[in-house]
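Since the structure comes first, as structure tokens, the remarks are kept for the end.
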Amino acid sequence: MFAALRGTLKEKFAAWALRVRPPEPVPVRLTQPRVYVLPTKAGLTYAVALGFMLIGAINYNLSLGYALIFLLTGLGLVALLHTFRNLVQLEISPGHVEPVFAGDTAGFGLQLRNRREMGRFSICLHFMGGGSVSADLAANATTAVNLPLAAQRRGWLRPGRVTLETR
């Protein structure tokens, strides 16, 4: 009884926190509200270092220190913008999945389509418990990727969410 209640609470929390929607018509286009730019460990270290530099520049009243800090902050913001633009307006369509035996690795095919005039580089796709695949997309091109996931038991395999990331 408690396991069933815990399962339904977990599903409701996922629906609330992750805004789980019903399946969408394909192709799925990554629009602006769907792309999140989150800091990595290196990005947080960069921000902390800039904070310490700013404290030092304020303490010693260094004009060139302010200029350096604002220049590096601007470069960090431009890097965030380029990271965002590398993923936005990317189209994803499902591909074909070959049947496999239990214990083998299933390959989930996806089609990535770039409609922009600029290439997209270092796009990494992965499932929560599976391996990751990196792809580069040329301008106005479609690329097929095959996401691996271990089939641990017989029957239908539910891979879960696909995460796209770039650095």
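Couplings 3J(HN,Hα) of segment 124-137, computed from phi: 10, 10, 7, 8, 4, x, x, x, 10, 10, 9, 9, 10, 10 Hz, in residue order, whole Hz [Karplus 6.51 cos²θ - 1.76 cosθ + 1.60, θ = phi - 60°; x for Gly and Pro].
As an exercise, take the mean of 1/r over every pair of distinct alpha carbons in segment 59-118, invert it, and state the Kirkwood radius in angstroms. Taking the inverse mean of 1/r over all distinct Cα pairs, segment 59-118 comes out at 16.1 Å. Basic side chains Lys and Arg get +1 at the Cβ, acidic Asp and Glu get -1 at the Cβ, and with that the dipole of segment 93-167 about its Cα centre reaches some 240 debye.
The value of relative contact order for the chain, using C-alpha pairs under 8 Å at least six residues apart, is 19 percent. Helix 2-17 axis versus longest C-alpha principal axis of the chain: approximately 50°, rounded to the nearest ten. Take the Cα of Leu68, step 7 Å toward its Cβ, do the same at Val88, and the gap between the two points is 3.3 nm.
Counting only alpha carbon atoms, the long axis of helix 63-87 and the longest principal axis of the chain meet at about 20°. Using Cα atoms only, what is the angle between the long axis of helix 41-60 and the major principal axis of the chain, expressed in degrees (0 to 90) to the nearest 10? Result, in degrees: 10. Within the set [x] 21.2, 68; [y] 17.2, 59; [z] 16.1, 44, the number that Rg and Dmax of the Cα atoms in Å takes when calculated for this structure is listed as [x]. Accessible area per residue for segment 13-167 is 72 Å², calculated with a 1.4 Å probe on protein heavy atoms, without ligands, DNA or RNA.
Using heavy atoms of the protein chains and a probe of 1.4 Å, the accessible area assigned to Asp136 is about 100 Å². Which percent of the accessible heavy-atom area of segment 30-165 goes to carbon and sulfur, probe 1.4 angstrom? Its accessible area is 64 percent carbon and sulfur atoms. Of the whole protein surface, Leu164 contributes about 30 Å² of accessible area at a 1.4 Å probe radius. You can think of it this way: the chain between Ala139 and His96 has 13.1 nm of extra reach, that is 0.36 nm per residue less the Cα-Cα gap.
Computed over all pairs of different Cα atoms, the Kirkwood value for the hydrodynamic radius of segment 11-105 is 17.8 Å. Between the residues Gln89, Phe70, Pro99, the greatest Cα displacement towards the positive end of the dipole of segment 58-143, with unit charges on the Cβ of Lys, Arg, Asp and Glu, is found for Phe70. At the residue level, Arg115 shows approximately 120 square angstrom of accessible surface with a 1.4 angstrom probe and all protein chains present.
The values are calculated or read from the model by the stated rules, or taken from the named source; none is laboratory data. Small disclaimer: the values here were computed from a predicted structure and weren't measured. Neighbour counts are summed over all protein chains in view; Cβ atoms, including those assigned to glycine, are modelled from backbone coordinates with ideal geometry. Side chains are part of the model used for accessible areas, which takes the heavy atoms of the whole protein and leaves out ligands, DNA and RNA. Shrake-Rupley method; radii C 1.70, N 1.55, O 1.52, S 1.80 Å.
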